[in-house]
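To start, the structure under review is shown below, and the notes come after it.
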Amino acid sequence: MAGDKFHSIGEILRSRINTPLVWGILLLTLALTVLFYFSQKQQQEVYNRYIETLSDYKFFASRIMQKMERVRIAPETDPAPLMSSLRGLRETAVSVYAASENARSVTWMPEEREFERFENAAIGWVASVNRYIPQRVEWLDSAGILLKTLNRWNVIFAEPLVTQIDSARMGFAVVPDSLQMKKLPDSLRIRFIKLLEKNAEMTALWNRIDSDESLVRCDNLLQAFKMQSLQNREMKFWIQQVFYLISIVLLLFTLFFVVRSRK
């Protein structure tokens, strides 16, 4: 009985193999295989890792700027944890660029120059902060010593000068008043002018740090990955819909084939 059954199936296949119904089943099966292959690609996981890494960069960069505000006005702030965080940010930017080079051959990536600009901006920003912190700590120490010297010299005449130093300590570029400078002894006048000149240089450096280009570059990459991730999810949704539709058509073709084969 089993042999007769297999023999009848073989006869059916040989007699029907050239019919459009059989070719339709083969083509639909091939289409399902192709759709299944594309649906299993893991670009979404890659994009999610980049989105997470770039989001972490933005978060930690914002935290560092909050700490920088304290460093700018508080000489007692310990810069060691801040310097450690800066090294982590630099390594993140470098690793993102390096990883994109390895993944570019197997999946979609933003243009290489976008990663290069982000890396260069991040490295430049970290270098500026590294240069600013020790200089600011030294400036605050010098300002504290000069304030004490001015108060010992003449409290009344020193009051407007102390106000100017306080303004400089808050980050403003202060220009020394020539009339007030004439009232100071030569030694104090030289120290006071040098202190304000150094503060003007640090204010310009702070403005470059505050307007962080690396955050703009990071946000550009982040938005590009989010858009591509959204497109991938949309494409996967439509692949699933087409997969279900072809599966139903394949089922109907198979039923028609079985019904016709029995006639």
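Quick look at the values:
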quantity: Mean accessible surface per residue for the range 106-177, computed with a 1.4 Å probe while every protein chain stays in place, in Å²; calculated: 53 Å²
quantity: Spin-label model distance (nm) - residue 181 vs residue 163, 7 Å beyond Cα toward Cβ; calculated: 1.9 nm
quantity: Mean Cβ count within 10 Å, highest first, over the residues of peptides 124-137, 191-204; calculated: 124-137, 191-204
quantity: Net lengthening on full extension, residue 69/residue 236 (0.36 nm per residue, minus Cα-Cα); calculated: 55.5 nm
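The values are calculated or read from the model by the stated rules, or taken from the named source; none is laboratory data. All figures in this text were calculated on a predicted structure; none of them were measured in a lab. Glycine gets a Cβ as well: all are built from the backbone with ideal geometry, and neighbour counts include every protein chain shown. Protein only, heavy atoms only, side chains kept; ligands, DNA and RNA dropped before computing areas. Shrake-Rupley method; radii C 1.70, N 1.55, O 1.52, S 1.80 Å.
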